[in-house]
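Trainee: Sharing a structure below in structure tokens format, with a few things to ask.
The values are calculated or read from the model by the stated rules, or taken from the named source; none is laboratory data. Nothing here was measured: the structure is a model prediction, and the numbers come from that model. Cβ coordinates were reconstructed from backbone atoms using ideal geometry, including for glycine residues, and neighbour counts include every protein chain displayed.
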Amino acid sequence: MPQSEYVTSIRSRIGTDFLLLPGVTAVIRQHDRFLLARHAHSGSWSLIGGAVEPGEEPAEALHREVLEETGARVRIRGIVGAYGGEPMMVTYPNGDRVGYITTAFDCELLGDAVADGEELREIGWFDRDTIHGLDRRNWIDRVIADVARPRA
């Protein structure tokens with residue numbers, strides 16, 4: 001999906017300078033396996049998600065992002081946590097620097113998912129041990145570990 005009108009508007013004023021954005025992350029899992037996506041811009045594996053648009057509820061953004069990127073729908077089971085900081089900072093190939101503050105949602109996949117071919121090169125199911133061997137965004141390790149932690 002191309003850059004949103006909102007981000008394009010900000011970028012027209014600040015260029016490639018650092019921009020902090022709210023995001024959402026879908027932790028789509030079946031038992032001990034997680035659905036990951038290889039992203040076109042980096043070639044790395046990560047969880048599926050994206051930015052929250054102005055006026056959009058985070059859960060709405062999550063459903064929109066998963067549908068846009070995989071053609072699939074999900075059922076939200078709960079919130080895993082909120083994440084940010086250095087691990088969530090990205091410099092895109094065009095030089096745009098972004099830091100995301102993401103809300104990660106525990107999700108169940110409803111139907112089949114296929115990589116969109118634009119943002120995602122491919123998707124696949126992986127267990128925790130296999131994930132540790134992938135070229136991945138390392139912040140996902142914390143999110144995946146938090147899914148298994150008992151809630152207080």
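Trainee: What residue, of 66, 147, is touching a residue at least 12 places away in the same chain (Cβ under 8 Å) and more than 30 Å from residue 12 (Cα to Cα)?
Mentor: Numbers: 66 fails: more than 30 Å from residue 12 (Cα to Cα).
Every option except 147 fails the conditions.
Trainee: Collect the residues in region 41-56 that are assigned to a strand (DSSP E or B), under 14 Å from residue 122 (Cβ atoms) and among the small types (Gly, Ala, Ser), keeping them in residue-number order.
Mentor: Of the residues in region 41-56, the ones assigned to a strand (DSSP E or B) are 45-46, 48-51.
Next, from what is left, pick out any that are under 14 Å from residue 122 (Cβ atoms): 45-46, 48.
The one that is assigned to a strand (DSSP E or B), under 14 Å from residue 122 (Cβ atoms) and among the small types (Gly, Ala, Ser): 46.
Trainee: I'm trying to understand the selection: among the residues of region 96-135, which are buried (at least 18 other Cβ atoms within 10 Å of the Cβ) and within 13 Å of the chain's Cα centre (by Cα)?
Mentor: Correct list: 100, 102, 103, 104, 105, 106, 107, 119, 120, 123.
Trainee: Could you tell me which of the residues 87, 93 is modelled with pLDDT under 95 and over 14 Å from the mean Cα position of the chain (by Cα)?
Mentor: Numbers: 87 fails: over 14 Å from the mean Cα position of the chain (by Cα).
Result: 93 is the single residue among 87, 93 that is modelled with pLDDT under 95 and over 14 Å from the mean Cα position of the chain (by Cα).
Trainee: Restricting the search to region 100-138, which residues are among the hydrophobic types (A, V, I, L, M, F, W, C), free of Cβ contacts under 8 Å to residues at least 60 places away in the same chain and within 18 Å of residue 39 (Cβ to Cβ)? Step through it out loud before you land on a result.
Mentor: Narrowing region 100-138 to residues among the hydrophobic types (A, V, I, L, M, F, W, C): 101, 104-105, 107, 109-110, 113-115, 120, 123, 125-126, 131, 134.
Restricting the remaining residues to those that are free of Cβ contacts under 8 Å to residues at least 60 places away in the same chain gives 110, 114.
Within region 100-138, just 114 meets the criteria.
Trainee: Further question on the same structure: Filter region 1-42 for residues that are among the hydroxyl-bearing types (Ser, Thr, Tyr) and in contact with a Phe, Trp or Tyr (Cβ under 9 Å, 6 or more places away or on another chain); which is surrounded by the most Cβ atoms within 10 Å (Cβ to Cβ)? Even if it seems obvious, please write down each step before you answer.
Mentor: Within region 1-42, the first condition is being among the hydroxyl-bearing types (Ser, Thr, Tyr), and the residues that meet it are 4, 6, 8-9, 12, 16, 25, 42.
When the remaining residues are screened for being in contact with a Phe, Trp or Tyr (Cβ under 9 Å, 6 or more places away or on another chain), the result is 16, 25, 42.
Numbers: 16: 13, 25: 26, 42: 16.
Checked region 1-42; the qualifying residue surrounded by the most Cβ atoms within 10 Å (Cβ to Cβ) is 25.
Trainee: I would also like to ask the following. Just for region 127-152: of the residues that are aliphatic (A, V, I, L, M) and out of contact with any Leu (no Cβ under 6 Å at 6 or more places or on another chain), which one is modelled with the lowest pLDDT?
Mentor: Within region 127-152, the subset aliphatic (A, V, I, L, M) is 131, 134, 140, 143-145, 147-148, 152.
Next, only the ones that are out of contact with any Leu (no Cβ under 6 Å at 6 or more places or on another chain) stay: 131, 134, 143-145, 147-148, 152.
Values: 131: 96, 134: 96, 143: 97, 144: 95, 145: 94, 147: 91, 148: 75, 152: 56.
Here the answer is 152.
Trainee: Being under 16 Å from residue 25 (Cβ atoms) and surrounded by fewer than 13 Cβ atoms within 10 Å (Cβ to Cβ): is that true of residue 138 here? Give the steps one after another, and end with the answer.
Mentor: Values: under 16 Å from residue 25 (Cβ atoms): yes; surrounded by fewer than 13 Cβ atoms within 10 Å (Cβ to Cβ): yes.
When the stated conditions are applied, residue 138 passes them.
Trainee: Right, here's the next one. In region 57-77, what residues are within 22 Å of residue 118 (Cβ to Cβ) and surrounded by 15 or more Cβ atoms within 10 Å (Cβ to Cβ)?
Mentor: Of all residues in region 57-77, those within 22 Å of residue 118 (Cβ to Cβ) come to 60-74.
61, 62, 63, 64, 65, 66, 68, 69, 70, 72, 74, listed by residue number.
Trainee: Please enumerate the residues belonging to region 11-40 that are assigned to a loop (DSSP other than H, G, I, E, B), under 27 Å from residue 110 (Cβ atoms) and in contact (Cβ under 8 Å) with a residue 40 or more places away in the chain. Before the answer, list the steps.
Mentor: In the first step, residues of region 11-40 are kept if they are assigned to a loop (DSSP other than H, G, I, E, B); the result is 15-18, 31-32, 40.
Of the ones still in play, those that are also under 27 Å from residue 110 (Cβ atoms) are 31-32, 40.
Hits for region 11-40 are 32, 40.
Trainee: From the list 80, 90, 52, which one is under 23 Å from residue 111 (Cβ atoms) and either among the aliphatic types (A, V, I, L, M) or surrounded by fewer than 17 Cβ atoms within 10 Å (Cβ to Cβ) (or both)? Even if it seems obvious, please write down each step before you answer.
Mentor: Details: 90 fails: under 23 Å from residue 111 (Cβ atoms); 52 fails: under 23 Å from residue 111 (Cβ atoms).
When all the criteria are applied, what remains is 80.
Trainee: Against the conditions (1) modelled with pLDDT under 95; (2) within 14 Å of the chain's Cα centre (by Cα); (3) not aliphatic (A, V, I, L, M), where does residue 32 fall short? Just the number, please.
Mentor: (2)
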